[in-house]
Amino acid sequence: MSPSRVDAPASVEDYQFPDNAHTLEYARSQDEKDALRHLRSQYIVPSKANLKARKLAKPGLSDDEGIYFCGNSLGLQPKAMQTYIQAQLDTWSSVAVQGHFVNVEDSPLPPWQHLAETAAKSMARVVGALPEEVAAMNTLTINLHLLMSSFYRPSGKKSKILLEWKAFPSDHYAIESQIRYHGYDAKENMILLEPDDDHTISTEKILKAIDDNADEIALVLLPGVQYYTGQLFEIQKITAHAQSKGLTIGWDCAHAAGNVPLKLHDWNVDFAVWCTYKYMNAGPGAIGGAFVHQRHGKVEYDENDKPMFMPRLAGWYGGDQQSRFKMDNNFRPIPGAGGWQCSNPSAIDLAALNAAMSVFDQTSIDDLRQKSLRLTCYLEHLLDQALQTFGDEAPFRVITPRDTKQRGTQLCILLKEGKLKPVSVALEDEGVICDKREPGVIRVAPVAMYNTYEEVCHFVQIFVKALR
Amino acid sequence: MSNDAKADEPGTARSGGTLDVSYALQLDAADSLAHFRSKFYIPTKADLKRPTIAKPNDEPVSDESIYLCGNSLGLQPRSAADLIQVFLTQWRTKAVTGHFTDHSDSPLAPFLNVDDEAAKLMAPVVGAQQSEVAVMGTLTANLHLLMCSFYRPSTKDEGRYKILLEGKAFPSDHYTIESQIEFHGLDPKDAMVMLEPGNAAIPILSTEQILKAIDDHADELALVLLPGIQFYTGQYFDFKRITDHAHSYGISVGWDCAHAVGNVDLKLHEWDVDFAVWCSYKYLNSGPGAIGGLFVHERHGRVDMTKSSEKYRPRLTGWWGDDKSSRFQMTNNFVPRPGAAGFQLSNPSALDLSAVVASLKIFEEAGMHALRQKSLQLTDYLETLLTAEELVGPSPPYTIISPRDPAARGAQLSIRLEPGMLDTVLECLEEDGVVIDERRPDVIRVAPAPLYNSFMDVFQFCRGFRRACELALDKKEFQD
């Protein structure tokens, strides 16, 4: 992936953090200079008291904010959520079934039949796609199955799928079951990319695997950002290479969408899927996203007015709006990703997604990335410094690539045996939320939307203390 | 038509004592479910017309509308907002830890478990065991998923590959079936066996016709896929007889219960249905496009990992169908949860689920049996008022195209108007604050929902409908 600015740093050293970088004063000074710091106020940050409370009723305790570095797992709630959801409930309770069509003047929402399009448009900006190439629909794995039904069409010995060795379980299961569905043996037809040394998979290895197996590969399916290590794959390069061999390639962008700039259209990606509850902050299990390249979404009509389009598992909502209610049972798909929609989507879920995207609409993924690069490098810098104080007794190491082009916001920290428990307890006591993976990993994701240098500074202090 | 103008003045005694307003009031007074109405937001006539959410201060008080459109979009339970607030509070105070944090005062389970909570509440509504139900996806996506499991056509000589469906299936069902057939490289024209009604004007499919079609194509049918209740006519199909008959040939049967769930008292387990799918936004009042549901009969949901082959029914899978205890261990060894839960793919929307749970708690309180009993009464009352000669004369300008046998229909009555009347009738009804549904060119669908509609609603609708028909006829005469 090429940096979006010519002068984007390649690594932490390029930032040349000063000697006092570990101080709170320094951290605060960076926050003051942060052009995106105003975005934090658009989110609700749980307080330490909130996190500890076991009753929902307001405890009236202090609002000493927790440090939330878990937006890679579940994004924080945008304040707009309340307004958008209330607007949706009010529309439903007042105009009921008419809500599909009527425009409610003081609502931030369009009529229900346009909710998905509106959300898709906002998401398209974030993933680098044309609006018609994106659909807000279903959930990640359903979208993956729907798109694989179109893009994974094994035939003869061209039946294999190239994926990573430790794919997120849902991807692994989806792929496995799709292969079996076509009557092939799953083990024989899944080519798993093993990591090089640690946990990351080099581009060279991927390209070689493509070269070695091109005759038999029917689909390449990789994560834009690997969930465990935080590795950002070279989507453009790998896509180009796969396609140069005539292969179809899809990307699971669950950890990439809203995290790093994507240019799905320009990179000619065949299809992609993502969820919206991580970096897009739409809420747990919120309606997902899908991308289908323009060239695959074409709908043309022959001399008998019969539509010609990429085969797919279809449903009425993928049908052209004009004819959708004609009920003549002649499927005329919407051109683009929208043609893969099956059912009418949840309006309230879309209200939530639109609320979440309204914050993205106020900035750009490129600006977010600029902050994110620096913020994560700052975290890395402080961790590097801390490691020096341990000498040979390194109690942890970061397994995410140091090359900033190969990562997003997340750093994956592998702890020495026995350290996970005390570290987890200490973090929890101090109201720090990170994701932990037994037996020894914590994932720390300071996101550009709402995290600060000060939080990173505090985190490292707490983390180091817990390690001693 | 012209002598019924006084028929429904309050207090007027007519020979049909059951045709005037006092009878409606009587029925409402005796209705043990009447109190459920107040659990819902009934749009007022002003609400329907207002172009904003905000109410102008000087807006006069308005009557409630007569909302008989719950078969298209159910009304909002007041409790939906409450549970949604609970969810929002969980999310904002706990963020990711909300997945597993139990609050002692929460009416909602943590995010990780709210899907099971919903399934538990959904099961009795469809007459199933909890393990046979999953609240997930959307109707058509669920249908595709289940067809990938249950529609496994054979292309060999003695193979079964055809699907029996209705000729005028709801478009989504038609496209699903068509695209599934095409996916297997078969020809829809050949593989889709379509049931056409004998009488196009009253397009009801008799059970005998369906059974005969099964008989005629028994060797070739891989699947029978029918709507529990037909969207257009409101016909309630004989689940048990049709399922049994198909099973006698070893043919699987799936049911699209979009219009049946929350409407009629389904017994999917007892009727031995193979699978079913539905949406939650009609009679289940969970909001437009709300997360749907599916049923997989217990016998299809078994999981035995010790077997050497077919440890579980083949299906398209995802992590959310994985065994709950090991789901987060990321072993990539799929062990499905037994039952419908093993067909789940992704972690579902907790927001959507909170709306569904709110609605289903009302069903839990009311009970499907009681709801169906009231519904039979309501729809019977509707039919009476629509057909009573004292009210509408010997030949009203419309025909009820829904079955006349109450056991063969749900809440909805579909009414075909004489040509050229629809637009005027709709205009008048709208003026009157009546919300119903139309199917062009000349059908209206009227569905009194037992949870929130009253006998008075039905009475007022019929009165308004009679006036609207009169006006439409006058207009026609004038134009002819």
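Output the 0 to 90 degree angle, nearest 10, between the alpha-carbon long axis of helix B:114-126 and the longest principal axis computed from the alpha carbons of chain B. Its long axis makes an angle of about 60 degrees.
Relative to the dominant Cα principal axis of chain B, helix B:350-366 is inclined by about 60°. Seen against the Cα atoms of chain B and their longest principal axis, helix B:78-94 is set at about 40 degrees.
When only DSSP loop residues count, what chymotrypsin sites (Phe, Trp or Tyr not before Pro) in the stretch B:92-194 have their Cβ near at most 15 other Cβ atoms within 10 Å? Write down the numbers at each step before the final one.
Details: sites: B:Phe100, B:Phe111, B:Phe150, B:Tyr151, B:Tyr161, B:Tyr175, B:Phe183; in loops: B:Phe100, B:Tyr151, B:Tyr161.
Those that pass, being in a loop and sparsely packed, are B:Phe100.
The Rg/Rh ratio for the protein assembly as shown, using Cα coordinates for both the radius of gyration and the Kirkwood hydrodynamic radius, is 1.00.
Taking 0.36 nm per residue of separation and subtracting the Cα-Cα distance, what length does fully extending A:Glu204 through A:Gln461 add? If you can, show how the numbers build up before the last one.
Working: separation 257, 0.36 × 257 = 92.52 nm, distance 3.76 nm.
Full extension of this stretch gives 88.8 nm more.
Could you give the distance between the Cα centres of the stretch A:410-444 and the stretch A:291-325, to the whole Å? The distance from the Cα centre of the stretch A:410-444 to that of the stretch A:291-325 comes to 48 Å.
What is the antiparallel percent of DSSP beta bridges lying wholly in the stretch A:112-359, to the nearest 5? Please list the in-between numbers first.
Details: 12 of 26 bridges.
Bridges in the stretch A:112-359 are about 45 percent antiparallel.
Cross-link partners for A:Lys371 among the lysines, with Cα-Cα distance under 16 Å and sequence neighbours closer than 8 places in the same chain left out: A:Lys33, A:Lys405. Please express the Cα-Cα pair-distance distribution P(r) of the stretch B:54-109 as a list of whole percents, one per 10 Å bin, running from 0 to the bin with the greatest distance. Going from the shortest bin to the longest, the percentages are 18, 29, 25, 22, 8. Calculate how many DSSP beta bridges within chain A are antiparallel, expressed in % of all such bridges and rounded to the nearest 5. Around 60 percent antiparallel, to the nearest 5. Sorted largest first, the principal axis extents computed over the alpha-carbon atoms of the stretch A:112-359 equal 55, 45, 29 Å.
In this label model, B:Glu182 and B:Asp405 are separated by 3.8 nm, measuring between points 7 Å along each Cα→Cβ vector. Across chain A, the mean sequence separation of Cα contacts (distance under 8 Å, 6 or more residues apart), normalised by length, yields a relative contact order of 23 percent.
With the cut-off at 21 Å, tell me which of the pairs A:Lys208/A:Lys237; A:Lys55/B:Lys120; A:Lys166/A:Lys436; A:Lys157/A:Lys187; A:Lys208/A:Lys436; A:Lys326/B:Lys168 have Cα atoms farther apart than that. Those over the limit are A:Lys55/B:Lys120; A:Lys208/A:Lys436.
Give me the net charge for the shell around A:Gly318: Cβ to Cβ below 11 angstrom, other residues only, Lys and Arg +1, Asp and Glu -1. Walk me through the numbers on the way to the answer.
Details: positive: A:Arg312, A:Arg324, A:Arg332; negative: A:Asp320.
Combined, the nearby Lys, Arg, Asp and Glu give +2.
Among A:Pro46, A:Ala119, A:Tyr68, whose Cα sits farthest toward the positive end of the charge dipole of the stretch A:1-140 (+1 at Cβ of Lys/Arg, -1 at Cβ of Asp/Glu, about the Cα centre)? Projecting each Cα onto the dipole axis, the largest value belongs to A:Pro46. Cross-link partners of B:Lys162 among lysines, defined as those whose alpha carbon lies under 17 angstrom from its own and excluding same-chain residues fewer than eight positions apart: B:Lys189, B:Lys212. Selection among A:Met137, A:Ile85, A:Val102 by position relative to the dipole of the stretch A:59-145 gives A:Met137 as farthest towards the positive end (Cβ unit charges, Cα centre). Applying the criteria of a DSSP loop state and at most 16 other Cβ atoms within 10 Å to the GluC sites (Glu not before Pro) of the stretch B:150-227 yields B:Glu158.
Normalised by the residues of the stretch B:399-480, what does the relative contact order come to in percent, with Cα pairs under 8 Å and at least six apart? Write out the running numbers ahead of the final one.
Values: 86 pairs, mean separation 26.6, N = 82.
After rounding, I find 32 percent.
Projected label points at A:Gln321 and B:Asp102, each 7 Å from Cα along the beta carbon direction, are separated by 4.8 nanometres. A run of chain A free of exposed loop cleavage sites, with GluC sites (Glu not before Pro) counted only in DSSP states other than H, G, I, E and B and at most 11 other beta carbons within 10 Å, reaches its longest extent at A:106-302. Bridging of B:Lys374 to lysines at a Cα separation below 19 Å is possible for B:Lys39, B:Lys267, B:Lys282, B:Lys361, once same-chain residues fewer than 8 apart are set aside.
Provide the FRET efficiency to the nearest 0.05 for the A:Lys405-B:Met305 pair, computing r from the beta carbons and using R0 = 60 Å. Calculated transfer efficiency: 0.90.
Free of any chymotrypsin sites (Phe, Trp or Tyr not before Pro) that DSSP assigns to a loop and that have at most 14 other C-beta atoms within 10 Å, the longest stretch within chain A is A:166-324. Taken about its Cα centre, the stretch A:112-359 carries a charge dipole of about 460 debye when Lys and Arg each add +1 at the Cβ and Asp and Glu each add -1 at the Cβ. Note: relative contact order over chain B, using C-alpha pairs below 8 Å and six or more positions apart, is 21 percent.
The modelled label-to-label distance for the pair A:Phe101/A:Lys306, using points 7 Å beyond Cα in the direction of Cβ, is 3.3 nm.
Rounded to the nearest 5, what % of DSSP beta bridges with both residues in the protein assembly as shown are antiparallel? The partial results should precede the final answer.
Working: 49 of 84 bridges.
Of the beta bridges lying entirely in the protein assembly as shown, close to 60 percent run antiparallel.
DSSP loop trypsin sites (Lys or Arg not before Pro) in the stretch B:144-185 with at most 10 other Cβ atoms within 10 Å of their Cβ, which ones? Don't skip to the end; give the middle numbers.
On the way: sites: B:Lys156, B:Arg160, B:Lys162, B:Lys168; in loops: B:Lys156, B:Arg160, B:Lys168.
Here the sparse-neighbourhood loop sites are B:Lys156.
222 nm [θ] for chain A, helices only, -39500 (n - 2.57) per DSSP H run of 4+, per residue, to 500? Working shown, then result.
Values: 14 runs with 166 residues, N = 468.
Computed mean residue ellipticity for chain A: -11000 deg cm²/dmol.
Net charge of the neighbourhood of A:Ile442, taken over other residues with C-beta under 10 Å away and scored Lys/Arg +1, Asp/Glu -1, is +3.
Please report, to one decimal in angstroms, the Kirkwood hydrodynamic radius of chain A built from all distinct Cα-Cα pairs.
Details: mean 1/r = 0.0425 Å⁻¹.
Taking the inverse mean of 1/r over all distinct Cα pairs, chain A comes out at 23.5 Å.
Here B:Asp116 and B:Arg78 are evaluated by their C-beta separation; at R0 = 22 Å the FRET efficiency comes out at 0.35.
Since every read-out is calculated from the coordinates, none of them should be taken as a lab result. Bear in mind that the values here come from a model prediction, so they are computed numbers and not experimental data. FYI the Cβ positions are ideal-geometry reconstructions off the backbone, even for glycines, and counts take in every protein chain you see.
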